[in-house]
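Asker: I have a structure here, written as structure tokens, and I will follow up with some questions on it.
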Amino acid sequence: MRCYAFFKTISLDDLVLTERPDPVPGPRDIVLRMRAAALNFRDLAIVRGHYHVGVSPPLVPVSDGAGEVIQIGSEVTRFRIGDLVCPTYLPEWIDGPIRPWNVRRRLGGPSDGVLSELMCLHEDEAVCAPRHLDAAEAAQLPVAAATAWHSLFQLGSVRPGETVLIQGSGGISTIALQLAHAAGARTIMVTRNDRHADTLRTLGADDVLGNGAAESWPNDVLNLTDQRGAEISVNVAGGNTLTRSIAATRMGGLVHLVGYAAGIIADLDIFTAIRHATTIHVATAGNRENLEDFVRAAERHKIRPVIAKAFRAEQIRDAFAFLARGGHLGKVGLILDF
């Protein structure tokens with residue numbers, strides 16, 4: 001089989017197309033022919049050497065993907081030949097709370113990821129994709145969907161009529177928007193400009209604030225909510241934006257910190273946090289059960305992930321460059337046409 005891998009260094013200059021032996025499944029293993037993948041900010045952080053877990057070559061990169069089951073072991077019960085399947089990002093975290101032993105393996109670093117022609121994994125380490133999605137759409141889900149579900153419905157609980165404030169327009173942001181809208185919440189999106197405002201409203205946003213680069217946007221959120229603020233906020237950037245998310249959240253509210261695109265050191269004004277009596281939850285993706293719950297919700301509400309742009313596998317460097325520029329709507333996809 002063919003795959004992309006880092007050999008001597010974790011660098012795009014050292015990412016090459018190579019060959020490895022075809023996998024041989026064990027009794028409870030499945031073999032996928034990978035059809036599509038998607039980039040997350042963590043993939044970019046790994047390439048830049050800024051990831052919080054040690055990663056070393058040789059390594060097949062990228063966390064998110066979808067493939068067709070082409071072979072199953074003799075004892076497999078969860079899948080059939082022909083199923084469209086998403087490998088889970090954290091293969092050993094099936095359910096329950098996060099623990100050190102269930103997050104040691106992470107696809108795309110430090111464990112091999114999805115940029116392979118074939119992928120062999122235990123049947124417990126995958127989820128059937130939503131039936132209304134194709135492979136390119138399904139590949140967008142494992143990290144973003146599990147993270148959004150885990151934050152909004154396990155660490156917290158979105159209720160109808162509540163206001164959910166969501167920062168950004170990327171993969172987690174657009175999935176969180178669609179989930180909050182489906183749950184009956186009022187949704188406010190904060191983006192760097194108005195470029196994607198119409199599409200975000202189509203996805204369920206009640207209000208779109210295009211001044212997310214300015215310090216004043218929390219006041220706009222307060223004005224939209226009769227000075228109460230949002231019950232729940234989703235912060236995808238970290239850095240100097242965390243305090244602003246807290247300032248835009250009601251007293252006793254909840255802020256989900258799910259990313260660090262603006263910096264790995266969050267600027268926290270403790271007085272602001274005290275005045276708002278804020279609870280901050282830091283997300284580490286989600287477990288398999290979260291992804292399965294999302295699949296059921298997606299099928300019921302016909303939720304489709306947003307693809308900003310799809311690249312062919314050989315355009316992987318262009319895809320990373322597009323991701324690094326930022327400002328896109330949805331996620332960056334890869335068509336795996338080995």
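The values are calculated or read from the model by the stated rules, or taken from the named source; none is laboratory data. Values in this document were obtained by computation on a predicted structure and should not be read as measured data. All Cβ positions, even for glycine, are placed from backbone atoms using ideal geometry, and neighbour counts span all protein chains on display. The protein model used for the area step is the full one, side chains on, heavy atoms only, and it has no ligands, DNA or RNA in it. Shrake-Rupley method; radii C 1.70, N 1.55, O 1.52, S 1.80 Å.
Asker: Confirm whether Glu292 is farther than 26 Å from His196 by Cβ and either in a strand (DSSP E or B) or in contact (Cβ under 8 Å) with a residue 60 or more places away in the chain (or both).
Answerer: yes
Every residue, every condition in (1) within 21 Å of Ile94 (Cβ to Cβ); (2) more than 19 Å from the chain's Cα centre (by Cα); (3) at pLDDT 95 or above, yes or no:
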residue	(1), (2), (3)
Val127	yes, no, yes
Pro130	yes, no, yes
Glu137	no, no, yes
Ala145	yes, no, yes
Leu152	yes, no, yes
Ala176	no, no, yes
Asn193	no, yes, no
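Asker: Count, please, the residues in the range 7-23 that happen to be open to solvent by 80 Å² or more (accessible area, probe 1.4 Å), of a type outside the set (Phe, Trp, Tyr) and modelled with pLDDT under 95.
Answerer: 2
Asker: Take Ala283 and decide whether it is touching a residue at least 40 places away in the same chain (Cβ under 8 Å), over 23 Å from the mean Cα position of the chain (by Cα) and open to solvent by less than 60 Å² (accessible area, probe 1.4 Å).
Answerer: No: the conditions fail for Ala283.
Asker: Sort out which residues of the range 210-247 are of a type outside the set (Gly, Ala, Ser) and outside any helix (DSSP H, G or I), and write them in order of number.
Answerer: Across the range 210-247, the qualifying residues are Asn211, Glu215, Thr225, Asp226, Gln227, Arg228, Glu231, Ile232, Val234, Asn235, Val236.
Asker: Does the range 33-50 contain at least one residue that is surrounded by fewer than 22 Cβ atoms within 10 Å (Cβ to Cβ), more than 30 Å from Ser173 (Cα to Cα), in contact (Cβ under 8 Å) with a residue 60 or more places away in the chain and not hydroxyl-bearing (Ser, Thr, Tyr)?
Answerer: Checking the range 33-50: not a single residue is surrounded by fewer than 22 Cβ atoms within 10 Å (Cβ to Cβ), more than 30 Å from Ser173 (Cα to Cα), in contact (Cβ under 8 Å) with a residue 60 or more places away in the chain and not hydroxyl-bearing (Ser, Thr, Tyr).
Asker: Contact list please: Cβ distance under 7 Å, first residue in the range 267-280 and farther than 13 Å from Met251 by Cα, second residue in a helix (DSSP H, G or I), pairs at least six apart or on different chains.
Answerer: The qualifying pairs are Asp267/Gly239; Asp267/Asn240; Asp267/Leu242; Asp267/Thr243; Leu268/Leu242; Leu268/Thr243; Asp269/Thr243.
Asker: Of Ala230, Ala237, which residue is at pLDDT below 95 and either buried (at least 17 other Cβ atoms within 10 Å of the Cβ) or not charged (D, E, K, R) (or both)?
Answerer: Every option except Ala237 fails the conditions.
Asker: Here's another thing I want to ask about it. Could you list, in sequence order, the residues of the range 1-48 that are hydrophobic (A, V, I, L, M, F, W, C) and touching a His at 6+ places or on another chain (Cβ under 9 Å)?
Answerer: Scanning the range 1-48 gives Ile30, Leu44, Ala45.
Asker: Kindly indicate whether any position in the range 88-102 is in a strand (DSSP E or B), hydrophobic (A, V, I, L, M, F, W, C) and modelled with pLDDT of 95 or more. I'd like the intermediate steps shown before the answer.
Answerer: If we filter the range 88-102 for residues that are in a strand (DSSP E or B), which is where we start, we get none.
Taking every residue of the range 88-102 in turn, none turns out to be in a strand (DSSP E or B), hydrophobic (A, V, I, L, M, F, W, C) and modelled with pLDDT of 95 or more.
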